[in-house]
1. Please state which of the following conditions Leu236 fails to meet, knowing it meets all the rest: (1) more than 30 Å from Gly44 (Cα to Cα); (2) open to solvent by less than 40 Å² (accessible area, probe 1.4 Å); (3) over 15 Å from the mean Cα position of the chain (by Cα).
2. Any idea how many residues of region 5-24 are modelled with pLDDT under 90 and surrounded by 13 or more Cβ atoms within 10 Å (Cβ to Cβ)?
3. Go through region 76-101 residue by residue and tally those that are assigned to a helix (DSSP H, G or I), under 13 Å from the mean Cα position of the chain (by Cα) and not charged (D, E, K, R).
4. Identify all residues within region 111-149 that are among the aromatic types (Phe, Trp, Tyr), surrounded by fewer than 14 Cβ atoms within 10 Å (Cβ to Cβ) and under 21 Å from Lys92 (Cα atoms); write none if there are none.
5. When you look at Leu173, is it buried (at least 16 other Cβ atoms within 10 Å of the Cβ), more than 25 Å from Ala101 (Cβ to Cβ), at pLDDT 90 or above and of a type in the set (A, V, I, L, M, F, W, C), yes or no?
6. Assuming Gly104 fulfils every condition listed in (1) modelled with pLDDT of 90 or more; (2) part of a helix (DSSP H, G or I) apart from one, which condition is it?
7. Quick one: which residue in Ile20, Ile14 is touching a helix residue (DSSP H, G or I) at 6+ places or on another chain (Cβ under 7 Å), of a type outside the set (D, E, K, R) and in a strand (DSSP E or B)?
8. How many residues does region 25-77 contain that are within 28 Å of Lys156 (Cα to Cα), open to solvent by 70 Å² or more (accessible area, probe 1.4 Å) and of a type in the set (Ser, Thr, Tyr)?
Amino acid sequence: MESITEVKDMVQFILRTDEIDSESSSSSDISVPVYDISAEEFLGFAENAISSETKEGIVNAVSNLKRALDCEMDMFFESINIKRIFDKKNLKFENKTKFLADIGLFPIRTINKLNFMRNKLEHEYKIPEIYELHTYYELVWSVVKILDLYLELLYKNGEINLELYIENNVYYLTMKHDIKECAFEFEIINWTKEKEREERRLNVCLKNQKDANDFIKAFNIYLLSIQYFDYRNLNLYKKKIKKLLNDNGAPDSLKGR
C-alpha cells in the first residue's frame, strides 16, 4: 500500500476504488450552543416586520435578517470548534461566508449574492425595494436551514467506516471528525485475506494559516463521504472528489484582514 502523507494522496487512493461499501457510522461529540435568541426567532421577527409594509418595519426586517445570519453562522462555527479561530483573527463577515463555500455547503455565486445584498442594505442607508427584501429573506432562510441540516449530518456522523475494493484488495477506511482538536483523521487498513495487515494514517489539523488549504479539502472529503454513505452513488462521489485535485489555490476565507 502506497504512502499517504497528504490530502491529495487520500483523494487519489479513493479515486482508484472499484467499489465502496458503507460499513458503519457513529455520532460525534458536537455540542450545539443555546443562545437566548435563535436564528429562527430572528427570522420570525423579520417576517413579521416585513408584513407591516412600513418604513420602520422594513428597517427592522433588515436588522433582524442580519442578526439571523450572524447568529446561525456563529452557532455552526462554535459547534464545530472553529468560531474561536474567526474571533481570534477578527475575520470579516465575508470570510465566514467564503469558508462555507470553500467546504462545499453553498455555491460561491450564492455566497457572493448574499454578501452583495447584505452590504447594499447595510451601507447605502436607503430603504430597499420590497422585492430585494424578500430575496434577502429567502437567501438568509436558506442558509439557516442548510446549516442546520449539515450540522445534524455532522452530529450523526462523527465517525464513518467504509470498505474499499481496489482490484483484488480490500481496504477498511475510517474517517473521524475530531471536534475538540479541530481535525480530520483518516485511517486505512489493508484487509485483504492472506496479506499482512498494513496501516496508513493521515491527520489534518487546523492550527494556523498554512493548514487551511488541506483542512478545507479534508472537510470536503468528509462531507462528500457522509453523502456517499447515505446515497451510495460512486460515480458522483468520485467525480466530486476528483475536483479537489484541480483546486490548487490557497483559500482566503481563513486569512486575516
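The values are calculated or read from the model by the stated rules, or taken from the named source; none is laboratory data. This one's a predicted model, so the numbers in the text were calculated from it and none came from an experiment. Backbone-built Cβ (ideal geometry, glycine too); neighbour counts: all protein chains shown. These accessible areas exclude ligands, DNA and RNA; they are computed on the full protein's heavy atoms, side chains included. Shrake-Rupley method; radii C 1.70, N 1.55, O 1.52, S 1.80 Å.
1. All conditions are met except number (2).
2. Total satisfying the criteria: 2.
3. 7
4. Phe116, Tyr125
5. Yes.
6. (2)
7. Answer to the check: Ile20.
8. Number of matching residues: 3.
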